Amino acid sequence: MNSFGQFLRVTLFGESHGPAIGVVIDGVPAGIPLAVGDFMEDLARRAPGAKGTTARREKDVPEILSGVYEGHTTGAPLTLIWRNEHARSEDYERLKDIPRPGHADYPAMGKYHGYADLRGGGPFSGRMTLALVAAGVVAKKLLQAVSLEISARLVEVGGENDPKRWDALLDECAAKGDSLGGVVECTASRMPVGLGEPFFDSLESLLSHAVFSIPGVRGIEFGDGFAAAGMKGSEHNDPLVAVPGLTKGEGTVAPAKNGAGGINGGLSNGAPLLFRVAFKPTASISRPQQTYNCRTHTQDILSVKGRHDVCFALRTPVIVEAATALVLCDLVLRDRAAMERPF
Ligand SMILES: Cc1cc2nc3c(=O)[nH]c(=O)nc-3n(C[C@H](O)[C@H](O)[C@H](O)COP(=O)(O)O)c2cc1C
């Protein structure tokens with residue numbers, strides 16, 4: 001469904017080429033200073049413009065419809081919208097019958113019996129992550145109160161981890177009408193011990209849920225990740241070491257390395273959170289690909305037109321930060337609620 005979180009509940013709505021997209025954030029405490037300007041730094045990090053990103057240009061400035069009065073949150077649901085002003089729907093006419101390989105077109109045609117508005121990717125578009133990033137800004141603001149900081153960066157493009165090689169790779173790939181994927185690494189520092197609600201709402205379950213909601217994610221690994229399967233226990237375990245000056249219950253011990261990515265038993269263990277996210281190469285490529293024509297019921301060849309990111313992973317670090325912030329904020333609020341109202 002389109003909502004996530006229990007104590008900070010976020011609902012996304014809209015379609016890429018409809019009138020607008022937006023987000024409703026419920027559970028934001030009253031009295032938090034908030035203005036349109038607070039969103040712009042993170043939204044600019046997601047915006048296209050760099051080499052390898054789409055030519056679609058939207059202003060990305062949110063309109064606040066509810067939840068803010070005289071510069072502070074009111075406690076009512078916070079509603080933000082962005083009008084879609086730079087859509088070019090004619091690029092998508094042919095795709096009504098001819099689904100793009102690798103995109104959501106084909107399964108969405110089946111699920112919604114042809115009624116879904118799939119222009120520009122519709123609700124499956126990367127544009128929806130604009131609203132996610134904005135929700136992340138609010139969550140990050142709340143997390144500042146517990147000094148928790150989240151930071152994500154791109155560490156790999158097209159299998160290459162040397163950033164100096166990325167521009168050439170992108171040029172080479174764009175010239176061939178093809179696309180590239182990438183890997184984002186995310187950390188959260190000053191993590192408290194014990195965030196997470198096992199069994200099903202373990203910290204890594206919730207993070208994976210939120211991260212996999214971002215379009216184009218193909219994998220997530222925490223700490224040593226898949227490599228842990230080939231390691232000895234003595235290599236993968238994070239030794240516990242005393243931290244001078246801290247008292248019991250405040251983190252007397254902290255892992256010296258971080259093979260677990262800061263999570264054991266579905267709970268944060270006091271070490272920084274550390275995980276990596278794999279993004280696939282963009283599905284919409286101009287290089288001809290085999291597909292199926294749903295009108296003529298014949299095999300067809302598609303060369304995707306329109307404005308697409310050669311490597312949308314370039315725009316995703318701030319989106320991963322937002323998904324992480326929503327999870328951590330929700331868990332911090334759950335923790336506080338449990339402490340304030342003991343059974
Ligand atoms: C910021 C962002 C921008 C994206 N831009 C494009 C794009 O230009 N063209 C495209 O085909 N997919 C793009 N995607 C990926 C698609 O939205 C995604 O592949 C599609 O919804 C199918 O979902 P799946 O890849 O998770 O299966 C983008 C994703 C993100 C997060």
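Each value in this text was obtained by applying a stated rule to the coordinates, not by laboratory testing. Remember, predicted model here, so these are calculated numbers, not experimental data. Cβ coordinates were reconstructed from backbone atoms using ideal geometry, including for glycine residues, and neighbour counts include every protein chain displayed.
Relative contact order for segment 3-340: what percent, with Cα pairs under 8 Å and sequence separation of 6 or more? Walk me through the numbers on the way to the answer.
Details: 700 pairs, mean separation 80.6, N = 338.
It rounds to 24 percent for segment 3-340.
Could you give the DSSP H helices of the chain that reach 20 angstrom or more along their long axis (alpha carbon positions) and whose average Kyte-Doolittle hydropathy is no lower than 0.5? All intermediate terms of the calculation are to be shown ahead of the outcome.
Working: long enough: 129-144 (22 Å, 1.41); 317-340 (34 Å, 1.03).
Both cut-offs are met by 129-144, 317-340.
Say a site is exposed when it is one of the trypsin sites (Lys or Arg not before Pro), sits in a DSSP loop, and has at most 15 other Cβ atoms within 10 Å; what is then the longest site-free stretch of the chain?
Working: sites that count: K51, R57, K59, R88, K176, R190, K232, K248, K257, R295, K305, R307.
Formally, the longest exposed-site-free interval is 89-175.
Among the lysines, which fall within straight-line cross-link reach of K164, defined as a Cα-Cα distance under 22 Å, with same-chain neighbours fewer than 8 residues apart omitted?
The qualifying lysines are K51, K176, K280.
Loop only by DSSP, 12 or fewer other Cβ within 10 Å of the Cβ. Give me the GluC sites (Glu not before Pro) in segment 58-103 that pass, ordered by residue number.
Counting only loop positions with at most 12 other Cβ atoms within 10 Å, the GluC sites (Glu not before Pro) in segment 58-103 are E70, E85, E93.
Straight-line reach from K140: which aspartates and glutamates have Cα under 14 Å away, leaving out those fewer than 8 places along the same chain?
Correct list for K140: D38, E41, D42, E149, E321, D330.
Averaging over all projection directions, find the projected area of the Cα convex hull of the chain and quote it in nm² with one decimal place. Show your work: numbers first, answer last.
Values: hull surface 81.4 nm².
Result: a mean projected hull area of 20.4 nm².
Taking only the alpha-carbon atoms of segment 147-266, what semi-axes of the equivalent ellipsoid follow from 5 times the gyration tensor eigenvalues under a square root, in whole Å, largest first?
Equivalent ellipsoid semi-axes, largest first: 34, 17, 15 Å.
May I ask for the net charge around L130, where only other residues with Cβ less than 12 Å from the Cβ of L130 are counted and Lys, Arg are +1 while Asp, Glu are -1?
Details: positive: R45, R46, R56, K59, R83, R127, R315; negative: D42, E58, D60.
Net charge around L130: +4.
Taking just the alpha-carbon atoms of segment 1-85, what radius of gyration and Dmax come out, in angstrom?
Answer for segment 1-85, Rg first and Dmax second: 14.0, 41 Å.
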